[in-house]
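Pasting a structure here, questions to come.
The values are calculated or read from the model by the stated rules, or taken from the named source; none is laboratory data. Quantities reported herein were computed from a predicted structural model and do not represent experimental measurements. Counting neighbours? That spans all protein chains shown, and the Cβs are built from the backbone with ideal geometry, glycine included. When the accessible area is computed, the model is the full protein with side chains, heavy atoms only, and any ligands, DNA or RNA have been set aside. Shrake-Rupley method; radii C 1.70, N 1.55, O 1.52, S 1.80 Å.
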Amino acid sequence: MRVLSYNIHKGIGGRDRRYRLERIIEVIGEQEPDIVCLQEVDRHVPRSHFDDQPHILSRELKLPHAMYQFNVPLKHGGYGNLLLSRWPFAEQHQISLRLKSKKPRGAQIANIDAPDGRCTVVNFHLGLAGSERLWQIRHLLAHHLYRQVADTPALLIGDSNDWQNVLLKQCLLGADFVQLSSPISRFRTFPAWFPLGSLDKAFIRGPWNVKNCHVIHSRLARQASDHLPLFVELSMKNS
């Protein structure tokens, strides 16, 4: 199972500030992923030509099973998270991670019938404040919609905004998760043109074989967004 996580910055390049969704599509397509977890995906927003990015990305990447979470409304349209899959969703849920008056954030939960068994994939985009992120992860893990699917092998992946790399120790380790995107010196994803922060992270729980986990550093990836993509390849041990 090949999974890619990517904050696509609405398809706007991190340095040239040009809207070029085709660059995002090419960066993702080169990896031939089975599951794609995206953050900051526009829908019907002027800056991105009023494009329906969830529809375009699903079509162009040939990943027919799509779940879009509209998190941040704007004057026209808005943006949020998008989860795409080659395989059907047995269950799908969306959870608000908004804390009081802070910017709306969210997580998507999909139970996916992959060829080697059913697994849970969580696509998240966390807040900018440390206390906010801790609350968001604890809220996610305690939420009844997450607990309904908590007995399957799980992958939590997305833009954590966790500059200090504390989420594992303070939240996820106690829930039996292991961090794949470690050490952080090898997983710097932001800013894309000169990555200093390890913001995009992946965590697993359960019987997985991890074949590969790395950041994509291609020339196009350094141009297409303000984040670099995170790629994971894994399978279930009973397969």
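Working carefully through the options L57, L99, L74, find the one that is over 30 Å from K237 (Cα atoms) and touching an Asp or Glu at 6+ places or on another chain (Cβ under 7 Å).
Testing whether each residue is over 30 Å from K237 (Cα atoms) and touching an Asp or Glu at 6+ places or on another chain (Cβ under 7 Å) leaves just L99.
If the requirement is being modelled with pLDDT under 95 and more than 21 Å from I109 (Cβ to Cβ), which of these qualifies: Q164, Q170, Q223?
From the options Q164, Q170, Q223, the qualifying one is Q164.
Anything in region 106-144 that is in a loop (DSSP other than H, G, I, E, B) and in contact with an Asp or Glu (Cβ under 8 Å, 6 or more places away or on another chain)? List them, or say none.
Passing the criteria: only L126.
Another question about this same structure. Filter region 67-107 down to the residues that are of a type in the set (V, I, T) and surrounded by fewer than 19 Cβ atoms within 10 Å (Cβ to Cβ) and list them by number.
Result: V72, single match.
Being in a helix (DSSP H, G or I) and out of contact with any strand residue (DSSP E or B) (no Cβ under 9 Å at 6 or more places or on another chain), is that true of even one residue in region 1-13?
No, that holds for no residue.
Can you name the number of the only condition in (1) within 27 Å of N238 (Cα to Cα); (2) in contact with a His (Cβ under 9 Å, 6 or more places away or on another chain); (3) in contact (Cβ under 8 Å) with a residue 60 or more places away in the chain that V149 fails?
Here V149 meets the rest and fails (3).
Can you tell me which residue within region 179-202, out of those that are touching a Lys or Arg at 6+ places or on another chain (Cβ under 7 Å) and not hydroxyl-bearing (S, T, Y), is surrounded by the fewest Cβ atoms within 10 Å (Cβ to Cβ)?
Residue satisfying both the conditions and the ranking: L196.
Now for a separate question. (1) in contact with a strand residue (DSSP E or B) (Cβ under 8 Å, 6 or more places away or on another chain); (2) surrounded by 15 or more Cβ atoms within 10 Å (Cβ to Cβ): which one isn't true of E26, the others all being true?
That leaves (1) as the condition not met.
Could you figure out which of (1) open to solvent by 80 Å² or more (accessible area, probe 1.4 Å); (2) not in a loop (DSSP other than H, G, I, E, B) isn't true of Q164?
(2)
Same structure again: Of everything in region 145-164, what is of a type outside the set (G, A, S) and either over 25 Å from K100 (Cβ atoms) or touching an Asp or Glu at 6+ places or on another chain (Cβ under 7 Å) (or both)? Give them in sequence order.
Correct list: Q148, V149, D151, T152, P153, L155, I157, D159.
Please list, ordered by first then second residue, the pairs with beta carbon atoms under 6 Å, 6 or more apart or interchain, first in region 98-116 and in contact (Cβ under 8 Å) with a residue 60 or more places away in the chain, second surrounded by fewer than 17 Cβ atoms within 10 Å (Cβ to Cβ).
D116/S239
Any residue at all in region 3-17 that's within 24 Å of A114 (Cβ to Cβ), buried (at least 19 other Cβ atoms within 10 Å of the Cβ), at pLDDT 95 or above and of a type in the set (G, A, S)?
Among the residues of region 3-17, at least one is within 24 Å of A114 (Cβ to Cβ), buried (at least 19 other Cβ atoms within 10 Å of the Cβ), at pLDDT 95 or above and of a type in the set (G, A, S), which makes the answer yes.
Matching residues to (1) among the acidic types (D, E); (2) touching a Ser or Thr at 6+ places or on another chain (Cβ under 9 Å):
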residue: V149; (1), (2): no, yes
residue: R188; (1), (2): no, yes
residue: W193; (1), (2): no, no
residue: D200; (1), (2): yes, yes
residue: S225; (1), (2): no, no
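Further question: Can you give me the ranges of the strands (runs of 3 or more DSSP E) entirely in region 169-239 with at least 2 residues that are more than 21 Å from L134 (Cα to Cα)?
208-215, 230-236
Does region 14-25 contain any residue that is closer than 25 Å to L155 by Cβ and either of a type outside the set (A, V, I, L, M) or touching a residue at least 60 places away in the same chain (Cβ under 8 Å) (or both)?
Within region 14-25 (the criterion being closer than 25 Å to L155 by Cβ and either of a type outside the set (A, V, I, L, M) or touching a residue at least 60 places away in the same chain (Cβ under 8 Å) (or both)), the answer is yes, since at least one residue qualifies.
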